[in-house]
Amino acid sequence: MMADVGRVPDGVAVERPSVARLYDFFLGGHHNFAADREMGRRLLQAEPNARYIVAENRAFLGRAVRFLLASGIRQFLDLGSGIPTQDNVHEIAQRGDPESRVVYVDNDPVAVAHSRQILSGNKTAIVIQQDLREPENILGHPEVIRLLDFREPVGVLMVTVLHFVPDADNPAGIVGRLTGSLVPGSHLVISHATHEAAPGAAAKVEQLYTSTSAAARTRSHQEIVRFFAGFDLVEPGLVYLPLWRPDNPSAADHPERAWFYAGVGRKPVPGPTGVSGP
């Protein structure tokens, strides 16, 4: 049963599964409703590895944030951040540097409400309710402008979110509008569902997601790489989740079981002659 049901924000459709609440369900959280749990069980029937995939995605997020910290990033814009769970971006980032600043963005009012509760009293981490498909409303939001200095490098996180943006909404264009003005040294983190490793399961999952708050669209490796236009992919490139700089390389057997691609790009720093530097 969902925790604190009485505080559900007004207007939340509890009878329709939510993408953010489904993710919470797969992570073993409590911020989900009966409709979310029922859909979660149907998704597990279609893809028994669903919990494993979500856990691997969460582990990738942690590794990526630590990589960004090691690369000098101290500002993070997490788009489609979902419902908070253990080791959120701000917890990892501020453990590495207490001055790190984090902006979470989600369009789910339940995710935003719980994020605000967790972030209460944290002056360098905030959440705003905005739609990823409206980049200008995010970048121009007063709270974003107050907390993030776009004259300095920013880490933009788009983890498990772009496959909920249909082709008709031009996801590549959205990424470009969100990252086009970032200064050199900024980073882009993406994980995205693909159909290449498990086409049958992917088709079933896509069909099930048509009855949730956001339909899903799996994409090929080539399609996902295009989202990194203007960025240099860092090693090991765009790979299955368990293969992206694993803490324990021996644990990455059969990485295609986690049929999401993951990668991190760095906006090149021009060299003294105008050529991009390392």
Mind checking whether some residue in segment 105-122 is of a type in the set (Ser, Thr, Tyr), over 14 Å from the mean Cα position of the chain (by Cα) and over 27 Å from ILE53 (Cα atoms)? yes
β-branched (Val, Ile, Thr), crowded, with 16+ Cβ neighbours inside 10 Å, within 25 Å of PHE67 (Cα to Cα) and touching a Phe, Trp or Tyr at 6+ places or on another chain (Cβ under 8 Å): is that true of ILE118 in this structure? no
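Anything in segment 146-171 that is aliphatic (A, V, I, L, M) and either under 19 Å from GLN94 (Cα atoms) or surrounded by 16 or more Cβ atoms within 10 Å (Cβ to Cβ) (or both)? List them, or say none.
LEU147, LEU148, VAL154, VAL156, LEU157, MET158, VAL159, VAL161, LEU162, VAL165
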Please specify each residue of segment 248-271 satisfying the condition of being at pLDDT 95 or above and among the basic types (Lys, Arg). ARG266, LYS267
Just one of LEU182, LEU139 is in contact (Cβ under 8 Å) with a residue 60 or more places away in the chain and surrounded by 13 or more Cβ atoms within 10 Å (Cβ to Cβ); which is it? LEU182
Confirm whether GLY263 is in contact with a Gly (Cβ under 8 Å, 6 or more places away or on another chain) and over 25 Å from ASP149 (Cβ atoms). yes
Condition broken by SER81, with the remaining ones in (1) closer than 24 Å to PRO153 by Cβ; (2) modelled with pLDDT of 95 or more satisfied: (2)
Any residue at all in segment 77-85 that is more than 30 Å from ARG151 (Cα to Cα) and free of Cβ contacts under 8 Å to residues at least 12 places away in the same chain? no
Out of curiosity, is VAL127 part of a strand (DSSP E or B), under 28 Å from ALA202 (Cα atoms) and free of Cβ contacts under 8 Å to residues at least 60 places away in the same chain? no
How many of the residues in segment 193-248 are closer than 26 Å to GLY176 by Cβ, among the aliphatic types (A, V, I, L, M) and not in a helix (DSSP H, G or I)? 9
I'd like to check which helices (runs of 4 or more DSSP H) are fully inside segment 22-117 and have at least 2 residues that are of a type in the set (Val, Ile, Thr). 50-70, 89-96
Among the residues listed as LEU188, LEU178, the single one being under 15 Å from the mean Cα position of the chain (by Cα), more than 28 Å from LEU44 (Cα to Cα), at pLDDT 95 or above and assigned to a helix (DSSP H, G or I): LEU178
Given the conditions (1) in contact with an Asp or Glu (Cβ under 9 Å, 6 or more places away or on another chain); (2) in a loop (DSSP other than H, G, I, E, B); (3) at pLDDT below 95, which single one is not true for GLY274? (1)
Those residues of segment 34-62 that are over 22 Å from LYS204 (Cα atoms) and buried (at least 18 other Cβ atoms within 10 Å of the Cβ) come to a total of 4
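The values are calculated or read from the model by the stated rules, or taken from the named source; none is laboratory data. Only a predicted model underlies this, so the values are computations on that prediction, with no experimental measurement involved. Using ideal geometry, Cβ is built from the backbone for each residue, glycine included, and neighbour counts are taken over all protein chains shown.
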